[in-house]
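Trainee: Please read through the structure below; I'll follow up with questions.
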């Protein structure tokens, strides 16, 4: 019996091509068609848009919200209990940032003076105020170490 590195190579598959599978449930080896394998893979994959949804409901002016400090893009749903004079958003630390990472923010209430803290990076076009039902999007460029407003 040949080892796997001795098998012939194909450059395309058909839905009837077979793959060997060992079944723990049956304790034996079986074959599965490419089409059935594809169906199985599709049924077990969970797809997301690469973003984490984060929620914050500040209750006082002068609030501070730390965004998820990880490599994931963040969609922040900001639902203050009222319109506030001031608030701060703290972006992820530079050490965790990846190229093209995004921060998307939407708010249900106004924030008259918005401060964005992005330690170790620059901000271009970041908003300094938010109206009720406003939103914005920032994208990180690793080469320039800069967050740019893109929406």
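Trainee: Evaluate E = 1/(1 + (r/R0)^6) for residue 3 and residue 28, where r is the Cβ-Cβ distance and R0 equals 25 Å; express this FRET efficiency to the nearest 0.05.
Mentor: Approximately 0.80, to the nearest 0.05.
Trainee: At q = 0.19, 0.24, 0.25 Å⁻¹, what is the log10 ratio I(q)/I(0) for the stretch 24-66, with the Debye formula run over Cα points and no solvent?
Mentor: Results for the stretch 24-66 at q = 0.19, 0.24, 0.25 Å⁻¹ read -0.81, -0.95, -0.98.
Trainee: Where does the Debye-calculated log10 I(q)/I(0) of the stretch 1-47 sit at q = 0.15, 0.16 Å⁻¹, using only Cα point scatterers of equal weight, no solvent?
Mentor: Computed log10 I(q)/I(0) values: -0.54, -0.61.
Trainee: Right, next: So for each of 102-108, 49-55, 62-68, 26-32 I average, over its residues, the number of other beta carbons within 10 Å; can you give me the resulting order with the highest mean first?
Mentor: The densest-packed peptide leads the list: 102-108, 62-68, 49-55, 26-32.
Trainee: Then there's this: Please report the antiparallel percentage of the DSSP beta bridges confined to the stretch 10-96, to the nearest 5.
Mentor: 40 percent
Trainee: Also, quick follow-up: Between (1) 206; (2) 144; (3) 103, which entry matches volume of the Cα convex hull per residue in Å³ as derived from the coordinates of this structure?
Mentor: Here the calculated entry is (1).
Trainee: If you wrap the stretch 8-84's Cα atoms in a convex hull and average its projection over all directions, what's the area in nm²?
Mentor: 10.1 nm²
Each value in this text was obtained by applying a stated rule to the coordinates, not by laboratory testing. Source: prediction; values computed, not measured. Note: ideal-geometry Cβ built from the backbone for every residue, glycine included; neighbour counts use all protein chains shown.
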